[in-house]
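The values are calculated or read from the model by the stated rules, or taken from the named source; none is laboratory data. For clarity, every value in this text was computed on a predicted model and none was experimentally measured. Positions of Cβ are backbone-derived with ideal geometry, glycine not excepted, and every protein chain shown enters the neighbour counts. Ligands, DNA and RNA are stripped out before the accessible areas are found, and what is left, the full protein with its side chains, is counted by its heavy atoms. Shrake-Rupley method; radii C 1.70, N 1.55, O 1.52, S 1.80 Å.
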Amino acid sequence: MSSYLSLLKQYWGYDDFRGIQREIIESIGSGHDTLGLMPTGGGKSITFQVPALAKEGTCVVITPLIALMKDQVENLRRRGIRAAAIYSGLTREEIIITLENCIFGDIRFLYVSPERLSSDLFQTKLRHMKVSFITVDEAHCISQWGYDFRPSYLEIAKIRKMLPGVPVLALTATATPQVVDDIQDRLSFNEKRVFRMSFERKNLAYVVRRSEDKQKELIHILSSLRGSSIVYVRSRRRTKEIADLIQQAGITATFYHAGLDSVEKDKRQKAWQEDQVRVMVATNAFGMGIDKPDVRLVIHIDSPDSVEAYFQEAGRAGRDGQKAYAVLLYNDGDQRKLEKRITDNFPEKDFIREIYEHLAYFYQIGVGSGFGYTFEFNIDKFCHAFHHFPIQVDAALKILTRAGYIEYTEEQDNQARVMFTISRNELYRLENTTPNEEKVITALLRNYGGLFTDYNYIDEAFIASQCGLQTHQLYMILKGLGQRHILHFIPQKKTPYIRYTQRREDKEQILLMPVVYEERKQQFRERIHAMTRYAASDDICRSRYLLRYFGEANDHDCHQCDVCLSHRSEGMVSEPALNEAMSKILELVSDGKPHPITELRDIQLPTAELDAALDYLLKEELIQQEDGSIFG
Ligand SMILES: [Zn+2]
């Protein structure tokens with residue numbers, strides 16, 4: 001449809017759609033529930049932004065990634081399109097204004113984090129909104145079969161019921177065939193409708209490197225290849241260790257994990273993004289929503305828990321289409337470590353019940369009470385008090401959450417808040433303030449309204465830069481003003497919390513049904529085993545293995561992974577076999593006609609020999625190749 005094309009041209013300046021964008025747009029544009037499977041970098045946002053602009057009303061976009069949300073809103077606003085976002089951290093007032101604007105104003109896109117969907121405020125306002133369609137980003141999060149299930153996604157089904165006749169567009173960059181089905185069921189699709197783009201990454205060479213000394217191997221790889229790189233490790237502590245190691249080898253590196261404050265995260269990400277440092281050493285917290293096209297190398301020192309996670313992380317290399325590498329370092333010890341993750345993530349049921357009971361002791365909640373109570377949760381304190389290990393406690397709390405007894409939220413990111421405790425007049429009469437304190441007070445008053453009546457979330461980095469201060473200086477100044485009772489300052493903090501979603505039960509009454517325990521454990525085990533098979537096998541092309549895992553049939557090897565390359569060199573060793581393969585191919589094309597390359601499969605010889613022969617003949621220009629056919 002030309003109107004989609006003219007919108008694309010008008011707002012984005014592109015001349016045409018890429019890949020399956022047009023098919024998805026036409027499908028959702030004509031009101032069909034639609035699932036789009038596109039690898040990261042496939043141009044996902046165009047597929048909902050263009051059809052939404054062609055329709056009246058607001059497109060509600062559900063996504064769990066707050067950073068990405070803010071980026072997209074800014075991006076749309078720069079193009080002159082009205083967009084807004086609701087996420088935890090906004091004040092109630094801000095949320096009301098935003099929602100009212102959606103009802104009465106001309107907001108075309110409303111981004112919402114899934115946790116917000118269940119709030120009464122949101123649901124009440126939603127009923128009065130004219131919604132064009134619902135977009136569900138990272139749609140695999142709705143599937144309990146998926147590797148990244150988020151209970152808050154189940155709310156989307158309820159939202160759908162509230163908006164009869166409003167179609168839904170689900171998007172994901174990773175889903176096995178089972179998850180593809182499940183997403184459509186959970187979102188109550190009127191009919192199944194899936195569009196998929198190939199997940200093949202032709203410029204990306206997957207490599208598994210067996211190594212007993214991973215650190216040495218890491219330095220070796222980083223020294224022999226060039227370009228921007230990411231190194232993934234599993235623990236926060238190791239990010240620093242490995243970054244130090246890389247720097248000692250004379251290569252610039254920095255590190256990143258979820259425990260750093262946001263200013264530090266931004267700083268490091270920027271330094272890497274702008275190539276001031278070459279290597280980013282990170283946990284899996286790094287990468288979502290980061291768009292650096294020229295990453296040449298992604299190395300995993302530790303294996304992820306699933307092929308899905310590996311594929312996503314490895315896929316951050318080579319977005320620009322230039323040659324790139326994804327290397328997994330692996331040794332026999334890893335197999336055991338991966339197996340151990342199964343028992344770590346699914347401790348014995350009795351242990352889980354014990355944790356439930358200890359939690360009640362910890363907060364002093366009697367049997368029958370506690371419903372609706374919310375507590376901050378300090379896992380170290382808890383483990384110290386009851387002699388437990390954090391990994392198992394964390395796993396037990398997650399299972400109790402799934403079973404519906406509690407809600408355990410890790411790392412709720414609470415922005416810093418400020419409220420003045422003296423009146424405006426008293427503030428003007430203040431004496432003995434330093435120039436920096438005055439600067440801070442002025443900046444606060446200029447940027448935030450209502451500071452005398454209510455707490456306001458403040459952006460510390462922004463205020464600091466306005467005052468020409470470092471953030472830690474700003475922190476000290478705000479703390480000082482707090483001590484002098486001029487204002488209340490609640491510093492930013494990351495607090496996990498626990499909420500009782502049911503009255504406290506006796507531990508014997510705790511039910512852990514197969515759907516929250518045995519079945520999930522089995523799924524987890526299968527995912528771990530798929531990952532170990534990937535790492536341990538040396539007889540199937542890595543790219544082929546990954547594509548097959550995602551249900552994509554493909555009939556060719558990649559010719560660049562370690563498996564393909566080792567087979568080729570094995571083939572090279574035997575001259576007679578190579579000669580035989582070459583003469584068979586030459587015989588095939590001797591009629592002077594083009595032959596589809598798939599005809600090679602009819603020749604009864606090992607693939608490795610045929611591949612090597614074909615490569616040789618093409619290189620020596622004894623045969624030619626065009627459009628998937630070869631000719632003499
Ligand atoms: Zn291969």
Percent of all Cα-Cα pairs per 5 Å bin for the range 261-343, counting from 0 up to the last occupied bin, reads 3, 12, 22, 23, 17, 11, 8, 3, 0
Ratio for the range 341-417, C-alpha Rg to 2.2 N^0.38 Å, reads 1.12
Can you check how the C-alpha radius of gyration of the range 81-207 compares to 2.2 N^0.38 Å, as a plain ratio? 1.19
Of all accessible heavy-atom area on the range 177-278, the percent that carbon and sulfur account for (1.4 Å): 45
What list of ³J(HN,Hα) values in whole Hz, one per residue of the range 452-457 in order, does the Karplus curve 6.51 cos²θ - 1.76 cosθ + 1.60 (θ = phi - 60°) give from phi, with Gly and Pro shown as x? 8, 10, 8, 5, 10, 6
Cα convex hull of the range 273-314 - mean projected area over all directions, nm²: 3.2
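Which peptide among 5-16, 604-615, 136-147 comes first, and what is the full order, when sorted by highest mean count of other Cβ atoms within 10 Å? Walk me through the numbers before you get to the answer.
On the way: 5-16: 13.4, 604-615: 18.2, 136-147: 23.9.
Output ranking for 5-16, 604-615, 136-147: 136-147, 604-615, 5-16.
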Packing-based order for 516-526, 196-206, using average beta carbon neighbours within 10 Å, highest first: 196-206, 516-526
Can you report the principal axis dimensions of the range 522-632 using only the alpha carbons, biggest first, rounded to whole angstrom? 55, 30, 22
Taking only the alpha-carbon positions of the range 381-441 as identical scatterers, the Debye log10 I(q)/I(0) at q = 0.30 Å⁻¹ comes out as -1.19
Take each of the peptides 496-507, 313-324, average the number of other beta-carbon atoms within 10 Å over its residues, and list them starting from the highest. 313-324, 496-507
Starting from the Cα of LYS619, draw a straight line to each of the lysines and keep only those under 18 Å, dropping any in the same chain fewer than 8 residues away. LYS584
Cut-off under 5 Å, modelled amide H: who pairs with ASP33 long-range: VAL168, ASN190, GLU191
Among LYS240/LYS323; LYS44/LYS161; LYS202/LYS292, the pairs whose Cα-Cα distance exceeds 24 Å are LYS240/LYS323; LYS44/LYS161
Using alpha carbons only, what's the Rg to Rh ratio of the range 208-256 with Rh from Kirkwood? 0.93
Global form of the range 458-600, assessed from the alpha-carbon gyration tensor, a/c cut-off 1.5: oblate
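Computed over the Cα atoms of the range 245-387, what is the ratio Rg over Rh, Rh following Kirkwood?
Radius of gyration relative to Kirkwood radius: 1.09.
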Note the direction-averaged projected area, equal to a quarter of the hull surface, for the Cα convex hull of the chain, in nm². 34.4
Whose amide H sits under 5 Å from the amide H of THR40, counting only residues 5 or more places off or on another chain, with H placed in the peptide plane? none
Hey, can you grab everything whose amide H is under 5 Å from the amide H of ALA253? Only 5+ residues off in sequence or another chain; H modelled, so Pro and N-termini drop out. ARG278, VAL279
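Would you list the membrane-span-like helices of the chain, meaning whole DSSP H runs whose alpha-carbon atoms span at least 24 Å along their axis and whose mean Kyte-Doolittle value is at least -1.0?
Flagged H segments: there are none.
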Which semi-axis lengths, in whole Å and largest first, follow from the square roots of five times the eigenvalues of the Cα gyration tensor of the range 153-227? 43, 14, 12
Value of Rg to Rh for the range 409-531 (Rh from inverse mean 1/r over Cα pairs, i.e. Kirkwood): 1.28
On average, how much accessible surface per residue is there in the chain, in Å², for a 1.4 Å probe, leaving out ligands, DNA and RNA? 49
Indicate the gyration tensor shape class of the range 198-305 (rounded, prolate or oblate), computed on the Cα atoms with a ≥ b ≥ c the square roots of the eigenvalues: a/c under 1.5 is rounded; otherwise a/b larger than b/c is prolate and the rest oblate. rounded
Write down the Kirkwood hydrodynamic radius of the range 348-490, to one decimal in angstroms, obtained as one divided by the mean of 1/r over all alpha carbon pairs. 18.4
Relative to the compact-globule scaling 2.2 N^0.38 Å, provide the ratio for the alpha-carbon radius of gyration of the range 497-557. 1.87
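Can you work out D for the range 104-171 in µm² s⁻¹ from Stokes-Einstein, where Rh is the Kirkwood radius over C-alpha pairs, the temperature is 37 °C and the viscosity is 0.692 mPa s?
The Stokes-Einstein estimate is 256 µm²/s.
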Accessible carbon and sulfur surface of the range 14-128 relative to its total accessible area, %, 1.4 Å: 44
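Run through every distinct alpha carbon pair of the range 137-280 and return the Kirkwood hydrodynamic radius in angstroms, one decimal place.
18.9
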Averaged over all viewing directions, the convex hull of the alpha carbons in the range 236-281 casts a projected area in nm² of 2.8
Table column - 3J(HN,Hα) (Hz), the range 108-116, Karplus curve with 6.51, -1.76, 1.60, x for Gly and Pro: 8, 9, 10, 8, 9, 7, x, 5, 7
